[in-house]
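Working notes, beginning with the structure itself.
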Amino acid sequence: MSTDPPAWLARVRHDLVKRLVWPARDRRDMGGAPAPGELAPRLVDDEGAPIGAEARWAALVREAPSGLDVAPFGRALAKATAAAAAGDVDGVLALEAAFDELAALARTLKGG
């Protein structure tokens with residue numbers, strides 16, 4: 001199933017990027033080391049059940065716009081979730097740049 005690029009990107013941003021990046025931004029702005037688990041996102045699926053970032057991404061990939069290379073963002077997401085588990089603020093924040101690259105690619109598709 002394929003979704004139009006703007007709607008799909010909005011879901012990726014809402015469901016993954018903001019859930020990972022916002023706590024890391026907050027910690028960066030407040031300073032200090034993150035507490036254990038502070039940067040790890042608490043995600044839910046479409047039914048409200050807990051889900052991991054990789055599983056949420058897999059569900060979103062199934063709805064990705066046709067022709068969009070989502071692999072680089074998937075790799076960046078894996079690095080960001082590992083960084084979150086390790087308390088690496090900068091590693092999590094790197095997901096923003098990866099999302100910007102994904103969005104730029106999506107805009108080149110029809111309807112993007």
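Every number in this text was worked out from the coordinates using simple rules, so none of it is lab data. Quick caveat, the model's predicted, so the values are computed rather than measured. Positions of Cβ are backbone-derived with ideal geometry, glycine not excepted, and every protein chain shown enters the neighbour counts.
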Subject >> Potential lengthening between Ala82 and Trp22 on full extension [0.36 nm per residue; Cα-Cα distance subtracted] >> reply: 20.0 nm
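Longest exposed-loop-site-free stretch of the chain, with trypsin sites (Lys or Arg not before Pro), DSSP loop and at most 12 other Cβ within 10 Å?
63-109
If the chain between Ala7 and Thr108 were fully stretched, how many nm would it gain, using 0.36 nm times the residue separation less the Cα-Cα distance?
Extra length available between Ala7 and Thr108 comes to 34.9 nm.
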**OP:** In whole angstrom, note down how far apart the Cα centers of the stretch 76-92 and the stretch 1-71 are.
**Re:** 12 Å
Subject >> Interchain or long-range residues, amide H under 5 Å from Leu43's placed H >> reply: Ile51
Original post:
So how much slack lies between Glu101 and Ala33, counting 0.36 nm per residue of separation and subtracting their Cα-Cα distance, in nm?
Top reply: 21.6 nm
Subject >> Three-way shape call for the chain based on the alpha-carbon gyration tensor, with the a/c threshold at 1.5 >> reply: prolate
